[in-house]
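Okay, so here's the structure we're looking at.
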Amino acid sequence: MTRTLITGISGQDGSYLAEALLADGHEVHGLVRQASILQRGRLDAIPACAAARADGRLKLHYADLTDSSSLQWLVRQVKPTAIYHLAGQSHVKVSFDLPEYTADTTGLGTLRLLEAVRQNVPEARFFLAATSEIFGEPAESPQSETTPVAPINPYAAAKLYALNLVRVYRRAYGLFACAGILFNHESPRRGENYVTRKIARGAARIAAGLEKELHLGTLTPRRDWGWAPDTVEGMRAILGARRADDYVLATGETHSVGDFCELAFRTVGLDYREHVVLDPEYARPVDITETRGDATKAARELGWTPRTTFAELVGRMVDAEREALDDPRPACD
Ligand code: GDD
């Protein structure tokens with residue numbers, strides 16, 4: 001049994017990870033930030049998490065990646081044997097609007113947490129959620145652990161700094177510090193301002209007559225979209241490996257934003273071309289044309305392969321939105 005600390009526990013990946021760890025009998029601690037509105041909807045909606053909070057197997061602690069003393073305190077109190085570091089500002093477009101905040105949380109936040117681990121629990125295992133965004137406009141396809149890195153947005157630059165720190169702390173201090181170079185991974189728990197959730201939600205609401213149009217920035221970029229719970233299994237395999245290393249987690253397939261729209265709207269009996277409106281408000285100053293990952297190393301060394309197809313992913317996301325239709329909130333970007 002591990003005592004696991006998760007940063008980003010209230011996000012998509014953190015909630016799936018907490019659920020899976022609790023199901024396997026582990027003790028889970030989550031870092032949560034102070035905010036005027038409690039952002040624990042995903043956790044509270046999961047019966048296993050609600051039950052674990054009641055019986056003390058899941059504990060939430062206030063701390064902040066911009067506050068070293070809170071991280072030091074938290075790590076000293078919890079004394080985790082495993083840490084999954086998933087938190088940080090992770091929206092690519094928002095990182096152009098909040099570059100300094102992104103660098104502070106996503107980049108320096110990782111440094112602060114690694115220092116807290118090094119000083120207090122150097123024997124603990126540390127996992128970083130890194131990203132395919134570090135490759136920028138990729139120099140080769142598919143992208144693997146050896147593909148050259150060349151970030152093209154502030155978020156990717158911050159994540160590359162974080163990944164480099166993981167490598168430094170592994171080499172310099174012998175920490176069991178590892179990373180997943182994660183390609184896009186989606187689910188009904190995705191934030192509403194990421195494109196897959198936005199499309200699934202828009203399709204369901206338009207089909208129900210609640211809205212008429214869906215505004216998107218562009219239809220052409222292609223992404224390697226996986227199923228988040230598959231990716232979370234991969235994270236656990238990386239952290240549980242014999243030696244600390246970095247691994248690409250991806251499906252090896254790529255589809256365009258337009259492909260996602262086509263399938264999502266077809267699922268609800270509509271033609272997306274009659275409802276999707278291109279809107280410059282959602283376009284980015286620069287965008288990656290295509291990502292496609294090569295997870296051969298994870299398959300060979302960890303036995304990890306994704307199990308969910310693109311069609312299953314789209315179908316599950318649209319179905320979830322249809323079930324949630326009595327939610328009165330308007331679709332957001
Ligand atoms: N969010 C958003 N909103 N994206 C749009 C829209 C829109 O209205 N219209 C088109 N897109 C395009 C984006 O320009 C991008 O090319 C693609 O849809 C995917 O956008 P996101 O869903 O926002 O994801 P991302 O690829 O930028 O980044 C996600 O995946 C990375 C790799 O795992 C995020 O989860 C990152 O944090 C993560 O590192």
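The values are calculated or read from the model by the stated rules, or taken from the named source; none is laboratory data. The structure displayed is predicted, hence computed values, not measured ones. Cβ placement follows ideal geometry from the backbone for every residue including glycine, while neighbour counts extend to all protein chains displayed.
So the values come out like this:
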quantity: Residue pairs meeting the criteria (Cβ under 7 Å; at least 6 apart or on separate chains; first more than 15 Å from Gly315 (Cα to Cα), in the stretch 199-219; second in a loop (DSSP other than H, G, I, E, B) and away from the ligand (no atom under 15 Å from the Cβ)); calculated: Ile206/Lys212; Ile206/Leu270; Ala208/Leu325
quantity: Number of positions in the stretch 245-264 that are crowded, with 23+ Cβ neighbours inside 10 Å and either part of a strand (DSSP E or B) or among the polar types (S, T, N, Q) (or both); calculated: 4
quantity: Among the residues listed as Asp327, Asp333, Asp319, the single one being acidic (Asp, Glu), at pLDDT below 95 and away from the ligand (no atom under 15 Å from the Cβ); calculated: Asp327
quantity: Members of the stretch 247-266 that are touching a Gly at 6+ places or on another chain (Cβ under 9 Å) and aromatic (Phe, Trp, Tyr); calculated: Tyr247, Phe265
quantity: Inter-residue pairs, beta-carbon under 6 Å, first touching a residue at least 60 places away in the same chain (Cβ under 8 Å) and more than 14 Å from Glu133 (Cβ to Cβ) and in the stretch 273-294, second near the ligand (Cβ under 7 Å from one of its atoms) and part of a loop (DSSP other than H, G, I, E, B), 6+ apart; calculated: Tyr282/Gly217; Ala283/Gly217; Ala283/Thr218
quantity: The stretch 83-136 - residue that is within 23 Å of Val248 (Cα to Cα) and assigned to a loop (DSSP other than H, G, I, E, B) and, of those, farthest from the ligand (Cβ to nearest atom); calculated: Ala124
quantity: Leading residue by the ranking (surrounded by the fewest Cβ atoms within 10 Å (Cβ to Cβ)) among those in the stretch 129-150 that are under 19 Å from the mean Cα position of the chain (by Cα) and small (Gly, Ala, Ser); calculated: Ser144
quantity: Pick from the stretch 198-221, criterion near the ligand (Cβ under 8 Å from one of its atoms) and of a type outside the set (Val, Ile, Thr), ranking: farthest from the chain's Cα centre (by Cα); calculated: His215
quantity: Scan of the stretch 255-281 for residues that are within 25 Å of the chain's Cα centre (by Cα), under 16 Å from Thr196 (Cβ atoms) and charged (D, E, K, R), ordered by number; calculated: Asp259, Glu262
quantity: Residue check for Ala237: over 17 Å from Arg190 (Cα atoms), more than 16 Å from the ligand (Cβ to nearest atom) and either within 20 Å of the chain's Cα centre (by Cα) or not in a strand (DSSP E or B) (or both); calculated: yes
quantity: Condition check for Arg242: part of a loop (DSSP other than H, G, I, E, B), of a type outside the set (A, V, I, L, M, F, W, C) and near the ligand (Cβ under 9 Å from one of its atoms); calculated: no
quantity: Val277 vs. criteria surrounded by fewer than 16 Cβ atoms within 10 Å (Cβ to Cβ) and assigned to a strand (DSSP E or B); calculated: yes
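Residue by residue, here is whether (1) in contact (Cβ under 8 Å) with a residue 60 or more places away in the chain; (2) closer than 29 Å to Thr102 by Cα holds:
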position: Thr2; (1), (2): yes, no
position: Ile6; (1), (2): yes, yes
position: Glu27; (1), (2): no, no
position: Ala50; (1), (2): no, no
